[in-house]
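Below is one structure; the comments refer to it alone.
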Amino acid sequence: MPRPKILFQCQSCGYTAPKWLGKCPDCGSWNSFVEEERVTKLRSSETAVPVVLSEISHSKENRHSTEIKEFDRTLGGGVVPGSVVLIGGDPGIGKSTLLLQALKGLTKSGRVLYVSGEESPEQIKMRAERLHVKSSDIILLPETSLEGIISSAQDIKPQAVVIDSIQTIFSLELPSAPGSVSQIRECATKLMFFAKKYGIPLFLIGHVTKEGAIAGPRVLEHIVDTVLYFEGDKGGPFRILRAVKNRFGSANEIGVFEMTEYGLKEVDNPSQLFLAERPIDVPGSVVTASLEGTRPLLVEIQALACVSSFGIPRRTALGVDYNRVNLLIAVLDKRIGMHLGAMDIFVNVVGGLKVDEPAVDMAIIAAVASSFKNKAVDPATFVFGEVGLSGELRAISQAEMRIKEAAKLGFKRGLIPAGNISSLKGHDIEIIGVKNVQEALEILFF
Ligand code: TYD
Ligand code: MG
């Protein structure tokens, strides 16, 4: 019997089934199945020749600069020729703006191509005027067919290509609609081969789903070399570019930008910025030193503990892991005897930042305790350390770097895990090593 030509494919994970399903058995998403045609043709690729590792001539990666320091750093030190970078983010967060500005920097080495399937050249021109981008080396291509894009790119021979966005591009060879899993996968793969073959850096803009993941199959993230997320509070001016995967640099690296009237501006000293509006002598505010990639960042953690007026108290965590906050509240309850069972507790990281390393545990505990006791923490003190379930403070990585950043910004005292003390060099500021949460809270609120 011939295999049926039609199959149903989950649009969020790529799972296929012979008939329509309401819920994907693989990823659990509802109503995500769409009818697609089976692709049976195997596409051949050029055969490669095996080479001996030691005989590969090592050309020192000649990265190109986008002239935006924060962007270059997030990429691991500039744009690598032939690399494929996927940038995801909410609509309106500034992805098109960022890439137009980055392209301007890349025109130094020649012509660049901006493919837009979403906006007309006039719209892009209007944006370019706002950004003062006037280069005659930026070529716009309002095209959505993959074959058209590749043939134009072969003619133009650009130094970099931006595809805005990958969801709008479709291949004429596939019958399914633009934005479907098979289209996205096919287009991304073909574009990737193109980029690698000609050594052209390629930027793909990707939409995100309501849950915040890049729309389309996870395979998209596997195909590309680097995945960046552009995030931030749309109401506020700050935007953070975060690397979550990077074959050419450290993942978790971040770049901080400010959205202004004339486009995105780099923020040189983000720690200072995130602490700029810090309330002094107000209970529930604690500063910690978090490490984002290779860069230490001082952030303010705020907490509010108030008596709940409902049967089930509320717990809200913004910018930190919700489960982590619950765990730390339990530690406070059991090990310190701070009864928070009837309290609503809100924890927030100032500036729309997300921190997800355990080193901020101690700051969350201190902020909650400070709000509960209604006693402010000394504004010149910072804390960091991972908290274990028995209330012990565990050593964390790169303590030295974090302390230096805090000292630079005028902090006078640091409470850090005792286990980190032996690895430190001398400091001008007072550093206190503490073994457990109890000890730390005694010092903070004696
Ligand atoms: P855009 O780059 O179009 O977002 P995306 O491509 O991620 O959907 O940015 C749109 C937002 O940025 C819009 O709300 C206006 C704002 N913006 C500025 O504030 N200043 C500027 O100079 C530009 C170009 C945009
Ligand atoms: Mg856009």
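Values for this structure:
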| item | result |
| --- | --- |
| Qualifying residues in the stretch 1-14 (those that are surrounded by fewer than 16 Cβ atoms within 10 Å (Cβ to Cβ) and aliphatic (A, V, I, L, M)) - the one modelled with the highest pLDDT | I6 |
| Single unsatisfied condition, T260 versus (1) away from ligand 1 (no atom under 16 Å from the Cβ); (2) of a type in the set (S, T, N, Q); (3) surrounded by fewer than 17 Cβ atoms within 10 Å (Cβ to Cβ) | (1) |
| So A418, is it open to solvent by less than 40 Å² (accessible area, probe 1.4 Å) and either within 30 Å of G235 (Cβ to Cβ) or among the charged types (D, E, K, R) (or both) | no |
| The stretch 380-396 residues that are of a type in the set (D, E), paired with ones that are not in a strand (DSSP E or B) (beta carbon under 7 Å, 6 or more apart) | E386/P358; E386/A359; E386/D361; E386/I396; E392/K435 |
| All positions within the stretch 102-126 that are within 13 Å of ligand 2 (Cβ to nearest atom), in contact (Cβ under 8 Å) with a residue 40 or more places away in the chain and not small (G, A, S) | Y114, V115, E118, E119 |
| Qualifying residue in the stretch 184-195 (condition: surrounded by 21 or more Cβ atoms within 10 Å (Cβ to Cβ), outside any helix (DSSP H, G or I) and among the small types (G, A, S)) | no |
| Hits in the stretch 382-415 - residues which are modelled with pLDDT of 95 or more, under 24 Å from D281 (Cα atoms) and β-branched (V, I, T) | V383 |
| The one condition in (1) more than 16 Å from ligand 1 (Cβ to nearest atom); (2) closer than 27 Å to S32 by Cβ; (3) open to solvent by less than 50 Å² (accessible area, probe 1.4 Å) that G148 fails to fulfil | (2) |
| Residue match in the stretch 282-291 (condition: over 28 Å from P379 (Cβ atoms), in contact with a Leu (Cβ under 8 Å, 6 or more places away or on another chain) and either open to solvent by less than 30 Å² (accessible area, probe 1.4 Å) or outside any helix (DSSP H, G or I) (or both)) | no |
| Matching residues, the stretch 238-260, being in a strand (DSSP E or B) and of a type in the set (A, V, I, L, M, F, W, C) | F238, I240, L241, A243, V244, I254, V256, F257, M259 |
| Which numbered condition G433 fails, given (1) open to solvent by 40 Å² or more (accessible area, probe 1.4 Å); (2) over 18 Å from E300 (Cα atoms) | (1) |
| Filter result for T381 (open to solvent by less than 10 Å² (accessible area, probe 1.4 Å) and of a type outside the set (A, V, I, L, M, F, W, C)) | yes |
| Lone qualifier among S152, S135 - being over 27 Å from G352 (Cα atoms), hydroxyl-bearing (S, T, Y) and at pLDDT 90 or above | S152 |
| Complete set of residues in the stretch 15-56 that are open to solvent by less than 100 Å² (accessible area, probe 1.4 Å) and at pLDDT below 80 | E37, R38, V39, S45, A48, I56 |
| Test set (1) without any contact (Cβ under 8 Å) to a residue 40 or more places away in the chain; (2) more than 16 Å from ligand 1 (Cβ to nearest atom); (3) closer than 28 Å to K69 by Cβ; (4) open to solvent by 50 Å² or more (accessible area, probe 1.4 Å) - P270 fails condition number | (4) |
| Residue identified as of a type outside the set (A, V, I, L, M, F, W, C), in contact with a Pro (Cβ under 9 Å, 6 or more places away or on another chain) and modelled with pLDDT under 95 among G352, G341 | G341 |
| Top-ranked residue in the stretch 82-94 [being buried (at least 19 other Cβ atoms within 10 Å of the Cβ) and either more than 13 Å from V224 (Cβ to Cβ) or polar (S, T, N, Q) (or both); ranked as farthest from ligand 2 (Cβ to nearest atom)] | S83 |
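Matching residues to (1) over 30 Å from A342 (Cα atoms); (2) at pLDDT 90 or above; (3) away from ligand 1 (no atom under 16 Å from the Cβ); (4) crowded, with 22+ Cβ neighbours inside 10 Å:
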position: A215; (1), (2), (3), (4): yes, no, no, no
position: L220; (1), (2), (3), (4): yes, no, yes, yes
position: L228; (1), (2), (3), (4): yes, yes, no, yes
position: I254; (1), (2), (3), (4): yes, no, yes, yes
position: F310; (1), (2), (3), (4): no, no, yes, no
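The values are calculated or read from the model by the stated rules, or taken from the named source; none is laboratory data. On a predicted model such as this, the values are computed, not experimentally measured, just so you know. Quick reminder, even Gly has a Cβ in these numbers, built from the backbone with ideal geometry, and neighbours come from all protein chains shown. Note: accessible area is taken over every heavy atom of the protein model, side chains too, but ligands, DNA and RNA are not part of it. Shrake-Rupley method; radii C 1.70, N 1.55, O 1.52, S 1.80 Å.
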